[in-house]
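Q: There's a structure below that I have some questions on.
Bear in mind that the values in this text are calculations on the coordinates, not laboratory data. Nothing here was measured: the structure is a model prediction, and the numbers come from that model. Ideal geometry is used to build each Cβ from the backbone, glycine not excepted, and the neighbour counts take in all protein chains shown.
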Amino acid sequence: MKEFIRFIKKHSVLSIYTTIITILSYGGFWLNSGDILTDTETYITHPADTINVFLRVGRFGLVLTKKLFSTEVYSSSMAVLYMMAAMVLLCLVFDFCINKLVDKKHRDGLLPFFLVFNGLYINSPVLIHQFYFTYQAFEMVFAFLLSVISAYLIFGWAIRVSKKGLKVETSLIAGMSVPELPWISGSVKGDHIRALRDLQDLSY
């Protein structure tokens, strides 16, 4: 955590840039968050039943994240703000992980890559389309964040093994990525057709 904070302080321009790009890309969602979309009406009127639907279709990771951050009761404006904050954190954590994995002699030249990657990733049309469904936008970004952390732990372990050999402590650190995998899968995957059908039943 201390290393990450030092990275943020050292790359303050990157942090500000990433925040501005996120606001420009998704600020419109927040400004229009008062609009009740077709799919969000059910989330607002039947929060407990909606959670049960996601559990039945196998998206337990999404439900776990909602319980962890108390987002199971839907607030469209807060959902967008949570998503935007998580998107900024996701990009900066990714940058930090790349910075840690690259040899020290090459780290000074990484800033242009970070700027380009963060800008392109945040503005990805796939993500913008996905986050239109604001009820699960934050949970999806959190799953992406877990994916980055999990990949970093595994790659970091592989690099340490190649340099210093297999050690118990490094293996334990890599093992921390294992519990994250079902959480990630349970956030993204599920029987979406059944979920849509069950949610439609709630609206009648």
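Q: Report the extension gain between Val126 and Met78 in nm, rounded to one decimal, defined as 0.36 nm multiplied by the number of residues separating them, less their alpha carbon distance.
A: Working: separation 48, 0.36 × 48 = 17.28 nm, distance 2.17 nm.
Result: 15.1 nm gained on full extension.
Q: Next question. Provide Tyr17, Tyr132 in ascending order of the number of other Cβ atoms located within 10 Å of each residue's Cβ, fewest first.
A: So the residues, fewest neighbours to most, are Tyr132, Tyr17.
Q: Please order Ser12, Ser150 by the number of other Cβ within 10 Å, starting at the fewest. Intermediate values should be presented prior to the final figure.
A: Details: Ser12 9, Ser150 19.
Least crowded to most crowded, the residues run Ser12, Ser150.
Q: Separate question: Show me, for segment 77-91, the HN-Hα J-couplings you get by feeding each phi into the Karplus relation (A = 6.51, B = -1.76, C = 1.60, θ = phi - 60°), rounded to Hz, glycine and proline as x.
A: Karplus-based 3J(HN,Hα) across segment 77-91 equals 5, 5, 4, 5, 5, 4, 5, 5, 5, 5, 5, 4, 4, 4, 5 Hz.
Q: Could I ask something else about it? Please arrange Lys105, Lys100, Lys66 by how many other C-beta atoms lie within 10 Å of their C-beta, fewest to most.
A: Listed from fewest to most nearby Cβ atoms, that is Lys105, Lys100, Lys66.
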